[in-house]
Amino acid sequence: MLYLDSLGLDIFSLVSNHRPIILSASLTNIKSIVGLLTSKNFTPREFRRIISMCPEILNSTPSSITPTITFLLREARVSGSDLKHVINRRPRLLVSSVKHCLRPTLYFLQNIGLEEVKRHTYLLSCSVETKLLPRIRYFETIGFSYQDAVSMFRRFPQLFNFSIKNNIEPKLNYFVVEMGRDLKELKEFPQYFSFSLEKIIKPRHQCCVEKGLCFPLYTLLKTSEAQFLSKIDVCSDSSVPLRSSPLFSVNCDIDSFTIAE
């Protein structure tokens, strides 16, 4: 406890929330892990953050972590200069089995055609069977073909990290029931699920309903608040936007919006 405290860690929080892990970690192992991460140029502040996110690392050894680092560099093609960023973003990679987790997930992501997995290494610690495949299958159950569902995840890999119950389902229900849109729009713009339902999706959709307008998802959600309001004003004043209007200047021509009946 004294050693962890000397590193600036919140030992009271660690013991309260992760008592079994902390009490079973040996001082020798902890010092060896600190030495390993220090040799990889992690700062004390970064080490504290890593431990707070994944305290299981304290029960690891250099011999169990080194294969993971080797895997990231050689098989996942992470560059040496990006290694710190990858681990800082997803510390759990360090305690994930190369054989049973990291390598199978890498092969799965490559198999569905995800280019440059090294840009999405946060997914490598996810289980194919319990996390990745169930999300693809969920989209199949709502009407997408397997290929279309996979296409969505290739286009927007972060979708794998979204909760089906707390994120995808409520946004999908609103999309279908309240917005009355076609599922093919989600295939083209799966980033829809990354926007806040309460803060962005609902207010902007309701604003369009009040004005009798209907924008493509990208135009509805991707623009800034000021740009969105500008488009609303332009479309409200004219049924067909002029070529000199702000709407036309962002490649949003007559086919980019409709007047809701």
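The values are calculated or read from the model by the stated rules, or taken from the named source; none is laboratory data. Note that the coordinates shown come from a computational prediction; the quantities given were computed from them, not determined experimentally. Neighbour counts run over all protein chains shown; Cβ positions are idealised from the backbone, glycine included.
Checking PHE189, PHE215 one by one, the residue that is at pLDDT below 95 and of a type outside the set (Asp, Glu) is PHE215 and no other. The condition of being out of contact with any Asp or Glu (no Cβ under 9 Å at 6 or more places or on another chain), free of Cβ contacts under 8 Å to residues at least 24 places away in the same chain and closer than 24 Å to LEU4 by Cα holds for only one of SER63, SER24, that being SER63.
Annotation: of all residues in region 75-120 being of a type in the set (Ser, Thr, Tyr), out of contact with any Leu (no Cβ under 7 Å at 6 or more places or on another chain) and not in a loop (DSSP other than H, G, I, E, B), the one that is surrounded by the most Cβ atoms within 10 Å (Cβ to Cβ) is TYR107.
Considering only residues that are among the polar types (S, T, N, Q) and part of a loop (DSSP other than H, G, I, E, B), look in region 155-198 and name the one that is farthest from the chain's Cα centre (by Cα). Looking at the filtered set, the residue picked out is SER196.
The set of residues in region 21-58 that are surrounded by 11 or more Cβ atoms within 10 Å (Cβ to Cβ) and either outside any helix (DSSP H, G or I) or of a type in the set (Lys, Arg) (or both) comprises ALA25, SER26, LYS31, LYS40, PHE42, THR43, ARG48, ARG49, CYS54. For the structure I just gave you, tell me whether SER64 is outside any helix (DSSP H, G or I), surrounded by 15 or more Cβ atoms within 10 Å (Cβ to Cβ) and of a type in the set (S, T, N, Q). In short, no.
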